[in-house]
Amino acid sequence: MTSQVSIETHQAWVEFPIFDAKSRSLKKAFLGKAGGAIGRNQSDVVVVEALRDINLALKEGDRVGLVGHNGAGKSTLLRLLSGIYEPSRGSARIRGRVAPVFDLGVGMDPEISGYENIIIRGLFLGQTRKQMLSKIEEIADFTELGEYLSMPLRTYSTGMRVRLAMGVVTSIDPEILLLDEGIGAVDAEFMKKARLRLQELVARSGILVFASHSNEFLAQLCDSALWIDHGQIRLRGGIEEVVRAYEGPEAGNHVATVLRELGAERPAHGEKSDERELERNPT
């Protein structure tokens, strides 16, 4: 893994133009999806401001969780960091091989077999065919899908598809892992197994940026957090501090309990730390 792995954004904005600004319903539709504010860009075009003035500097070893309500801008930020979106203002510089894991189903074909989908999904995530062939047996064991792996994906239940996708995603060795939690219809025992593999995946990653509504999962995988609110970074700091500010004392106490159980050490509230010093931005 190269020491040059890094993410830097400087006053980065992501704006979506609304060309038919007279249509109130259209503006509402965009606003609902992007979660930003209506404004005008430098060309005086009406836009949805999905992200505003994002400043980040992440280096190898950073494990950052994203919290915020649906539509706050978490997924948009992940797409900015992956290069899917380019900043409409400011800059975003990404160094390192990026593995964007936003939708477990992306890159999978319902008409081909599970084995073939393992290869296709791996290629989508930046792996080579040779790399995926070397991992296929181990992935098959993890999924516990047996003979179904020889059958077309369209014959799978939702839970089986998630198992297959999780097996592929957690087999890679990314330099930058951008993870939008999309784990759903699997049984509790398999979820426990999947989380262990996700923890191992994170350990192999250079940088992790993880958007999740599970505070427990964030505490397990991350050591700092960003609260995204209406497209802006409202607060950054340790997991406990950010969750407490976002969701209240009860959620903060739960995270503190999880961290104690993990044996993790975090700076006390107010203690000076370059990586975890709180930064408040006006909303």
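Bear in mind that the values in this text are calculations on the coordinates, not laboratory data. As the structure is a prediction and not an experimental result, all values here were calculated from the model. Cβ: placed from backbone, ideal geometry, glycine included. Neighbour counts: every protein chain shown.
Right, LEU77: closer than 28 Å to ALA245 by Cβ and crowded, with 21+ Cβ neighbours inside 10 Å or not? For LEU77, the condition - closer than 28 Å to ALA245 by Cβ and crowded, with 21+ Cβ neighbours inside 10 Å - is met. Where strands (runs of 3 or more DSSP E) sit wholly within segment 171-248, those with at least 1 residues that are of a type in the set (A, V, I, L, M) and in contact with a Pro (Cβ under 8 Å, 6 or more places away or on another chain) occupy 176-180. Would segment 244-256 turn up any residue that is under 20 Å from ASN55 (Cβ atoms), surrounded by 24 or more Cβ atoms within 10 Å (Cβ to Cβ) and in contact with a strand residue (DSSP E or B) (Cβ under 9 Å, 6 or more places away or on another chain)? No: zero hits. Does VAL255 meet the test of being in a strand (DSSP E or B) and either closer than 20 Å to GLU181 by Cβ or in contact (Cβ under 8 Å) with a residue 12 or more places away in the chain (or both)? Taking the combined requirement at face value, the residue does not satisfy it. Screening ARG121 against (1) farther than 16 Å from LEU177 by Cα; (2) in contact with a helix residue (DSSP H, G or I) (Cβ under 7 Å, 6 or more places away or on another chain); (3) of a type in the set (Lys, Arg) leaves a single unmet condition, (1). Based on this model, can you work out whether GLY96 counts as surrounded by 13 or more Cβ atoms within 10 Å (Cβ to Cβ), under 30 Å from GLU49 (Cβ atoms) and of a type in the set (Gly, Ala, Ser)? So GLY96 passes the test. Quick check: anything in segment 134-145 over 30 Å from TYR246 (Cβ atoms), of a type in the set (S, T, N, Q) and buried (at least 20 other Cβ atoms within 10 Å of the Cβ)? Yes; the residues of segment 134-145 include at least one that is over 30 Å from TYR246 (Cβ atoms), of a type in the set (S, T, N, Q) and buried (at least 20 other Cβ atoms within 10 Å of the Cβ).
For beta carbons closer than 9 Å, sequence separation of 6+ or different chains, a first residue in segment 57-70 that is of a type in the set (S, T, N, Q) and a second that is outside any strand (DSSP E or B), the qualifying pairs are ASN70/GLY35; ASN70/HIS213.
Taking segment 201-236 as the range and being on the phi > 0 side of the Ramachandran plot and buried (at least 22 other Cβ atoms within 10 Å of the Cβ) as the test, only GLY231 passes.
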